[in-house]
1. Please identify which residues in the range 3-32 have an amide N closer than 20 Å to a label point set 7 Å out from the Cα of residue 61, following the Cα→Cβ vector.
2. When only DSSP loop residues count, what trypsin sites (Lys or Arg not before Pro) in the range 136-187 have their Cβ near at most 15 other Cβ atoms within 10 Å?
3. Which whole-number value in Å² is the accessible area per residue of the chain, probe 1.4 Å?
4. Please work out the Cα center distance from the range 60-114 to the range 424-460, rounded to the nearest Å.
5. Once you put a point 7 Å from the Cα of residue 70 and another 7 Å from the Cα of residue 11, both along the Cβ direction, what distance in nm separates them?
6. Per residue, what volume in Å³ does the Cα convex hull of the chain take up?
7. Stretch residue 379-residue 462 to full length: gain in nm at 0.36 nm per residue minus the Cα-Cα span?
8. Evaluate 2.2 N^0.38 Å with N set to the residue count of the range 315-472, then give the Cα radius of gyration divided by it.
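The values are calculated or read from the model by the stated rules, or taken from the named source; none is laboratory data. On a predicted model such as this, the values are computed, not experimentally measured, just so you know. Positions of Cβ are backbone-derived with ideal geometry, glycine not excepted, and every protein chain shown enters the neighbour counts. These accessible areas exclude ligands, DNA and RNA; they are computed on the full protein's heavy atoms, side chains included. Shrake-Rupley method; radii C 1.70, N 1.55, O 1.52, S 1.80 Å.
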Amino acid sequence: MYNPKSHNAEEFICHEEVLASLEYAEQNKNNIKVIDEILAKARLKKGLNHREATVLLDCDIPEKNEEIFALAREIKNDYYGNRIVLFAPLYLSNYCVNGCVYCPYHLKNKHIPRVKLTQEQISRETEALQDLGHKRIAIEAGEDPVNNPIEYILESIKTIYSVKHKNGAIRRVNVNIAATTVENYKKLHEAGIGTYILFQETYNKETYERLHPTGPKHNYKYHTEAMDRAMEAGIDDVSLGVLFGLELYRYEFSALLMHAEHLEAAFGVGPHAISVPRIKKADDINPDDFDNGIDEDTFAKIVACIRIAVPYTGMIISTRESAECRKRLLNLGVSQISGGSKTSVGGYFNPAPEDEESAQFDVSDRRPLDDVIRWLMELGYLPSFCTSCYRQGRTGDRFMEICKSQQIHNFCQPNAVMTLKEYLEDYATEATKIVGEKLLPVEIAKIENDTVRAKVEENLTKIHNGERDFKF
Ligand code: SAM
């Protein structure tokens, strides 16, 4: 029985409820009256439930689809302005005991070189990331209790936070590791992580079990209830995602929103972010072996409908996607992107081609971070290296409250401006610096509060003179 408050995976992601929602959407996808009612609710900009959002996703009427895209852009602008937050993944180890059929790390893959970074190598990777200008990273590791135990992950986080190289620092470490126990989530929380990230891959239990035939990840219930355990352990910023291409996208979309509704119903805090990865070519993996790939237009519609359904949840798109695809999605709701990413273990310090062999998947957007920053600014966006919210204790329900009242601009805009200034001073090429210095006064002028604006201007002078890490 469907119950968003339950902590039982099969009740909060209820298969029958997903099917009923898909049926309802199918019946109403051409029903102008129903669609107009849903759009009227969506225009309040407080979100939609999974059923309503699935009707919009399925909607077949061209004029209504135009309205859907326009509304997504408007909501994006209201909640996130033109800011785009930057991050990079840091792969620690590709040892893995699972059998995920879409992932090159799977246990049976005997020709991928297995690599696990030592703490010294992690320091070097961290320095290399700092030299690019990154302040926020997501650590990634395969699941292997012997090679990658929680102690290794905790030690690695400590190492990363401890590296202070030139003017650089990693100020927020997000963590993408396999589902684990409440006790381990508590340890991650105590280690000062930002967001805990775990992709569901697919919400369809039968498909999930088939695609994860062996290893601890085979357990659908344990994996699906991971965010409940993380929240129980005190981690109140969690990030969801599905790997599009594995299952029918309509099923995933509806269930993903049910997961978000569950977190809100059970803990009073929805997901901090949602990722929308699509399956890519990798060692031993051919995406054509999976029948549920989605085209660019469907992908854009999914992003727009997520933006409308959960306005307060950030949306992340990685370098799995091309520059062209990312450009389209930025406009429709994406608020965070990776840049200059290496998906091979040790790939930042040692970007030799042979290292790519340990990569998790092919990266489509291979541009250096500096090109991505300049490109964003030329497209009218304000790149942000802000990590302030979690460091100032604005997490979970505190963050959501500020976000829901649209007060978040008062923090995000000044922090974006100040962290971009740091980037321009320390890491930008001349071409990027020219574009950035022109942009700063335009973005400073958008800060409404006179005192805050004056403070930001004062801080920019201090940053120019060598001080770092100002934040609101
Ligand atoms: N091992 C951790 C786990 O089990 O959740 C997470 C780390 S894994 C390095 C990060 C994510 O990469 C996975 O959750 C999966 O969605 C994604 N991934 C795996 N294979 C992929 C592929 N061939 N193309 C695109 N993304 C892939």
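1. Label zone hits: 22-32.
2. 164, 166
3. Accessible surface, normalised per residue, equals 39 Å².
4. If we compute the Cα centre of each part, the gap is 30 Å.
5. For the pair residue 70/residue 11, the computed spacing is 4.4 nm.
6. 131
7. 27.1 nm
8. Cα Rg divided by the expected 2.2 N^0.38 Å: 1.13.
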